[in-house]
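Working notes, beginning with the structure itself.
The values are calculated or read from the model by the stated rules, or taken from the named source; none is laboratory data. Just so we're clear, the structure is a prediction, and the values are computed from it rather than from any experiment. Here the Cβ is made from the backbone with ideal geometry for all residues, glycine too, and neighbour counts use every protein chain on show. These accessible areas exclude ligands, DNA and RNA; they are computed on the full protein's heavy atoms, side chains included. Shrake-Rupley method; radii C 1.70, N 1.55, O 1.52, S 1.80 Å.
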Amino acid sequence: MEKVYLDNAATTQVRSSVIHKMQEALTQFYGNPSSTHSFGRSAKTVVETARKTIAKYMNAHPSEIIFTSGGTEADNMILRSAVRDLGVTTIITSKIEHHAVLHTAQDLERQEGINLRFIDLDEWGNPKLSHLGKLLQEDDTKKLVSLMHVNNEIGNKIAIAEICGLCKKHGAFFHSDTVQSIGHYPWDVEETQVDFLTAAAHKFHGPKGIGFAFLRKNSGLKPLISGGSQERGFRAGTESFHNIVGLQEAFISAYDNLEKEQAYITELKKYFLESIQREIPEIQFNGLSGDLEKSTYTLVSVRLPIDADKALLLLFHLDIKGIACSKGSACQSGSDMGSHVLSEILPEEELNKPSLRFSFSKYNTREELDYAIEVLKDFIAS
């Protein structure tokens with residue numbers, strides 16, 4: 001049976017060079033980076049080299065890069081610490097954010113009594129900047145805006161430069177969950193004046209369980225996890241040394257090969273869009289994922305012309321045929337709940353149609369896409 005992995009927005013295959021570097025780290029550098037002897041100093045040097053490398057690629061200062069267990073922890077750190085340490089009493093976000101942001105903001109509303117405001121979305125799922133401007137002006141409370149750069153379900157890219165400008169104009173902090181874009185798009189934090197960013201290595205062919213937060217220098221945030229002085233005092237606990245090494249290698253490889261791999265994956269997406277529309281003309285695209293210019297090149301979200309009863313067997317059928325894709329975000333797997341993103345942007349009658357997210361990487365081929373589309377076409381016709 002052919003095996004086709006088209007769920008790269010959930011996680012990616014680890015590069016062989018990353019595995020090699022991690023194995024090397026586990027065998028050669030096993031000292032605790034906080035220890036003062038030579039074993040510890042050697043490990044500490046490797047950690048700081050990784051921090052400096054990431055900072056250099058992003059035009060940041062090394063002290064602005066804090067290693068975390070991934071994007072979810074980084075989002076929690078930033079939102080919760082902004083309320084506790086920066087005097088933020090209003091969080092402005094959207095109802096189609098990743099749950100790492102959405103649920104955290106809702107927790108802070110319940111637990112800390114913050115004002116939670118949601119930006120209106122257009123029919124495609126884009127935040128309405130005119131409404132954001134009104135929300136930023138509606139009172140004098142200290143505000144944090146949190147909007148993801150690339151939506152993990154429908155692939156929309158926000159107008160991040162314009163949003164930065166609005167936040168600066170009104171004195172608001174701006175956080176962007178960039179888990180789906182770091183490693184896939186270049187970042188210059190001096191050019192794009194965000195206050196906080198988040199990243200996860202496993203989204204760009206690195207290991208799971210490691211990521212980082214960008215916290216702009218002198219942000220005023222204090223540690224969320226106490227118990228040690230690691231990570232410049234921002235995150236206590238012995239560093240996940242081998243994962244940091246893997247993150248560094250994945251990050252370097254992603255950006256050193258960005259132009260070539262981006263062009264290859266963009267062509268794959270273009271081919272997929274053309275092929276699936278030709279083979280299944282009734283198919284519809286969610287958000288702007290069918291637009292090569294306005295969505296990320298890494299994913300497509302489609303609605304299928306089948307009824308709800310037949311849809312119950314869809315993912316099972318694809319899995320049996322060796323095809324991995326997603327009904328929604330991986331964080332909702334095992335849940336009977338529908339996509340909170342699609343529920344916000346689709347009319348009621350369209351929500352009855354099943355949706356699938358196909359997401360691509362450098363390891364995919366046109367032949368794999370042909371196979372997936374053929375299996376899907378046969379299932380719809382059966």
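Only one entry of Gly113, Gly71 meets the criterion of being buried (at least 22 other Cβ atoms within 10 Å of the Cβ) and more than 20 Å from Leu132 (Cβ to Cβ), and that entry is Gly71. Of everything in region 12-39 that is closer than 30 Å to Cys325 by Cα and of a type in the set (Val, Ile, Thr), the residue that is most open to solvent (accessible area, probe 1.4 Å) is Ile19. In region 75-96, the residue that is farthest from Leu221 (Cα to Cα) out of those that are of a type in the set (Gly, Ala, Ser) and assigned to a loop (DSSP other than H, G, I, E, B) is Ser94.
Among the residues making up region 87-99, those that are open to solvent by less than 30 Å² (accessible area, probe 1.4 Å) and either within 11 Å of His175 (Cβ to Cβ) or more than 20 Å from the chain's Cα centre (by Cα) (or both) are Val88, Thr90, Ile91, Ile92, Thr93, Glu97. Among the residues making up region 122-132, a single one is open to solvent by less than 10 Å² (accessible area, probe 1.4 Å) and either among the basic types (Lys, Arg) or at negative phi (or both): Leu132. If I filter region 40-50 for residues that are of a type in the set (S, T, N, Q), over 26 Å from Val150 (Cβ atoms), in contact (Cβ under 8 Å) with a residue 60 or more places away in the chain and open to solvent by 60 Å² or more (accessible area, probe 1.4 Å), do I get at least one hit? Within region 40-50 (the criterion being of a type in the set (S, T, N, Q), over 26 Å from Val150 (Cβ atoms), in contact (Cβ under 8 Å) with a residue 60 or more places away in the chain and open to solvent by 60 Å² or more (accessible area, probe 1.4 Å)), the answer is yes, since at least one residue qualifies. Taking region 12-65 as the range and being under 13 Å from Glu249 (Cα atoms) and assigned to a loop (DSSP other than H, G, I, E, B) as the test, the residues that pass are Val14, Arg15.
Any idea which of Ile78, Ile114, Ile96 is among the β-branched types (Val, Ile, Thr), in contact with a Leu (Cβ under 6 Å, 6 or more places away or on another chain) and at pLDDT 95 or above?
Ile114
Residue count for region 1-11 under the criterion of being open to solvent by less than 60 Å² (accessible area, probe 1.4 Å) and outside any loop (DSSP other than H, G, I, E, B): the result is 2.
Per-residue answers, yes or no, for (1) on the phi > 0 side of the Ramachandran plot; (2) of a type in the set (Gly, Ala, Ser); (3) touching a residue at least 60 places away in the same chain (Cβ under 8 Å):
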site	(1), (2), (3)
Glu282	no, no, no
Gly290	no, yes, no
Ser301	no, yes, yes
Ile306	no, no, yes
His340	no, no, yes
Ser343	no, yes, no
Arg357	no, no, yes
Lys362	no, no, yes
Ala372	no, yes, yes
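Looking at Ile280, Ile306, Ile276, Ile323, just one residue is modelled with pLDDT under 95 and β-branched (Val, Ile, Thr), and that residue is Ile306. Out of the residues in region 201-245 meeting the condition of being of a type in the set (Lys, Arg) and part of a loop (DSSP other than H, G, I, E, B), tell me which one is modelled with the lowest pLDDT. The extreme case among them is Lys222.
When only residues in region 139-164 that are open to solvent by 30 Å² or more (accessible area, probe 1.4 Å) and touching a residue at least 12 places away in the same chain (Cβ under 8 Å) count, which is nearest to the chain's Cα centre (by Cα)? Only one residue tops the list, namely Lys157. Only residues that are more than 21 Å from Ala201 (Cβ to Cβ) and in contact (Cβ under 8 Å) with a residue 12 or more places away in the chain were counted across region 18-39, and they come to 3. All of Leu288, Leu313 fail the test of being aliphatic (A, V, I, L, M) and in contact with a Phe, Trp or Tyr (Cβ under 7 Å, 6 or more places away or on another chain), apart from Leu288. Among the residues of region 185-199, are any in a helix (DSSP H, G or I), over 30 Å from Arg303 (Cβ atoms) and either open to solvent by less than 20 Å² (accessible area, probe 1.4 Å) or of a type in the set (Asp, Glu) (or both)? Among the residues of region 185-199, not one is in a helix (DSSP H, G or I), over 30 Å from Arg303 (Cβ atoms) and either open to solvent by less than 20 Å² (accessible area, probe 1.4 Å) or of a type in the set (Asp, Glu) (or both), which makes the answer no. Can you tell me how many residues in region 359-378 are farther than 22 Å from Asp309 by Cα and open to solvent by less than 60 Å² (accessible area, probe 1.4 Å)? Residues meeting the conditions: 8.
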